[in-house]
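The values are calculated or read from the model by the stated rules, or taken from the named source; none is laboratory data. Values in this document were obtained by computation on a predicted structure and should not be read as measured data. Glycine gets a Cβ as well: all are built from the backbone with ideal geometry, and neighbour counts include every protein chain shown. The protein model used for the area step is the full one, side chains on, heavy atoms only, and it has no ligands, DNA or RNA in it. Shrake-Rupley method; radii C 1.70, N 1.55, O 1.52, S 1.80 Å.
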Amino acid sequence: MGRNKCNEENQRTGIEQKRFQAIGQRAEDTLSRLLLTERFREAEAYAQIGHWELDALSGRGYWSEELYRIMGLDPKTPAGLETLGSILHPDDRDEVLASIEKALTLGNEHFMEYRIRRPDGEERWLECRAKPEIDNTDQVLRLVGSTQNITERKRSDRALRESEEKFRGIFNNALVAMFRIETSDGRLLECNERLAQMLGYKDQSDCLNHFIYTEHHCDPGAQKKILAELKTSGEINNIEARLSRKDSTDIWVRCSGKLYPEKGYFEGVATDITAQKQAESELRKLSMAVQQSPVSIAITDPQGTIEYVNPKFSEVTGYSYEECIGRNPRILKSGEQTQDFYQDLWRTITSGREWRGVLRNRKKSGELLWENVSISPIIDQKGKISSFVAVEEDITERISAEEKERQRLLELAHVSRLSTMGEMASQIAHELNQPLTAIASTSDAVSRLIESNSLSTSEFHDVLDDISKQAQRAGKIIRHLRSFVRKDTMRESRFDVNKVIQDVLQLLKVELRSHALHVLQDLADFLPEVKGDQILIEQVILNLIRNAIDVMDDGRCSERKVLIKTQILEKKEIKVTIADTGPGLTTEALTNAFEPYYTTKESGMGMGLPISRSIIESHGGKLWATSEPEQGAIFCFILPIAYRGE
């Protein structure tokens, strides 16, 4: 009995042990599930992924704690379509609900990215994935899915996209060309608009896949240098190369870049320096032209200190380049220009204007020279004078030749005047005879009256006054004739051309009257003065009027008139016109009138008009003739007005 009791106790103990083991296993399983659930929650929170279920019939569902946190909702809020619809972004709501409805109805998988507005106002982006659970009758029981907060990813994507767009904008709109080429064959993989423009393509797409090495590189020397540097250092810096454009014209570029051997391409930037190269070429040409210029060139700073002189300057002045640099151009002053002259020159150029004139300078040897000088200010980008450039032409020989020509002209003019006076001898004698005869007859009458004591004191004084006036008249004629025929150097003065015309008409009074020729005068009032040799201008007018007298002395003229007119032209010049009513000039005569030794007169020398033109041109003027057959000839000349201070 005792043994049986012991067996029963042993059996009971075995059953209890198994029961305890079962309880322990269940406890262990429960604990494992709890631990797994907690880890799952931690994983959800870390990944910001919430899980959910949605019943197909009721529309109610289950949301995990993380999903509530993502949506910012109280966990007590009912899970389902109604709650979801209340927080969906208005722009996304219809599309999201329609997609879910489609999945519930047709059993499709649901995948969407959409926005929600949480109760706290924050807007978030969510990514939702779900699969339907289907029964054996192919009916959808529920949707089981997960929703992840992708707001940060969207922000990163947007920032990346904006950065890419910004980079692309910079890339495409850069003023320098940017490119990527395949190192094996030089094929253009990517480029911006600037490179396409440089190479002559309409746009980037038209430019891509062309081969730089073979289609556009035409500078073997630069290509060799580029390849050598890439092999040595894997990059190039500011290498200049000449490229061929699509239209076969050449451009110059400055290129920098880096080789990426592991990727099989080269990336670089290039700047079009064609204009710079052309400017450098022009500058070299200009520099060579300045160096080899046949005229002297000097450059000074704004204070007048010499910074450069060309070889011709040294040749003409005798000062070497080293002797000139750092000194002032006053080393050339001869003392023949006044201080006021130089002050006016300096005021002109420092005001930004060009000065032109003739200077009498002195060489290093002391020898004097004449130079035609132009001094121009150089203005920088800020509008300030950065330097002065003086261009000086040695005109000493020309001045000497002009002086010889002037002396020759004076000689010819003097001979011509003497010849004219010889031709006018009888008229001049007649003009002088009038006052002399009056003096003689008056003197005889006074003598007789004195002898007869019939002359009062007052009458005596009146007679003496008449004799004095006639003597003054004769003296004036003689002085005028003496001045007219005097051989002298050119004497410059300011004078009134209208008065000169009156003096000439007075000298020709007898000749005009003897030829029954009527003079019409149309002289401008307040005619400005001109500057020059009055006697020479008088000679020109005398010659032109006497030519008119001669052409109307052949008996063919029904009217014998000479019109003398003066006028002002644009306040710069005066114009003198002498027109006759003679037969006019033939085409041949009009063409050759001013040629030396050409004449239509039987006894003429053919030098009057050439000398007259030379005289007018030496005064800075111009003499010409026009004519119509049977309508007379018109001779005109212009002279510059002498302004105040000249």
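A few comments on the model shown:
- 1.4 Å probe accessible area per residue over the stretch 45-144, in Å²: 59
- Taking 0.36 nm per residue of sequence separation and removing the Cα-Cα distance, the GLU235/ALA45 pair yields an extension gain of 63.5 nm.
- Computed log₁₀ I(q)/I(0) - Debye formula, equal Cα scatterers, no solvent, the stretch 191-238, q 0.24 Å⁻¹: -0.92
- Positive-end residue of ILE306, THR271, GLN339, charge dipole of the stretch 209-346 with Cβ unit charges: THR271
- Taking 17 Å as the straight-line reach from the Cα of LYS363, the lysines in range (excluding those fewer than 8 positions away in the same chain) are LYS312, LYS333.
- Kirkwood hydrodynamic radius over Cα pairs of the stretch 59-188, then Stokes diffusion coefficient at 37 °C and 0.692 mPa s, in µm²/s: 184
- The modelled label-to-label distance for the pair SER351/THR249, using points 7 Å beyond Cα in the direction of Cβ, is 4.4 nm.
- Projected label points at ALA589 and ILE399, each 7 Å from Cα along the beta carbon direction, are separated by 4.4 nanometres.
- Working note: Cα gyration tensor of the stretch 96-173, eigenvalues times five, square-rooted, sorted largest first, giving semi-axes of 37, 16, 9 Å.
- For LYS499, the lysines whose Cα comes closer than 23 Å to its Cα, not counting residues fewer than 8 places off in the same chain, are LYS469, LYS476, LYS487, LYS509, LYS531, LYS561, LYS565, LYS571, LYS572, LYS575, LYS622.
- Note on the stretch 199-314: percent of Cα-Cα distances in each 10 Å bin, starting at 0 and stopping at the bin with the largest distance, equals 11, 30, 23, 15, 14, 6, 0.
- Amide H contacts of TYR319 (H built 1.01 Å from N, in plane; Pro and chain starts excluded): LYS364 sit under 5 Å, all sequence-distant by 5 or more or on other chains.
- Contour minus Cα-Cα distance for GLU65 and SER334 (0.36 nm per residue): 86.2 nm
- Label separation (LYS382 vs ASP301): 1.5 nm, computed from points 7 Å beyond Cα along the C-beta direction.
- Note on LYS363 and SER493: with the Förster distance fixed at 41 Å, the Cβ-Cβ geometry gives a FRET efficiency of about 0.80.
- Estimated FRET transfer efficiency when R0 is 30 angstrom, pair LYS166-GLU267 (beta carbons, to 0.05): 0.95
- Volume in Å³ per residue [convex hull over Cα atoms, computed for the stretch 137-220]: 210
- When Rg and the Kirkwood Rh are both derived from Cα coordinates, the Rg/Rh ratio for the stretch 505-646 amounts to 0.96.
- Derived from the Cα gyration tensor, the three semi-axes of the equivalent ellipsoid of the stretch 148-191 are 32, 15, 4 Å, largest first.
- Nearest-0.05 FRET efficiency for ALA524 and ASN372, computed from C-beta distance (R0 41 Å): 0.75
- For the stretch 240-332, the solvent-accessible area with a 1.4 angstrom probe is 56 square angstrom per residue.
- Peptides 139-148, 72-81 ordered by average Cβ neighbours within 10 Å, highest first: 139-148, 72-81
- Additional length obtainable on full extension of the chain from THR600 to GLN502, 0.36 nm per residue less Cα span: 32.5 nm
- Scattering curve values for the stretch 244-378, log₁₀ I(q)/I(0), Debye with Cα scatterers, q = 0.09, 0.13, 0.21 Å⁻¹: -0.47, -0.70, -1.35
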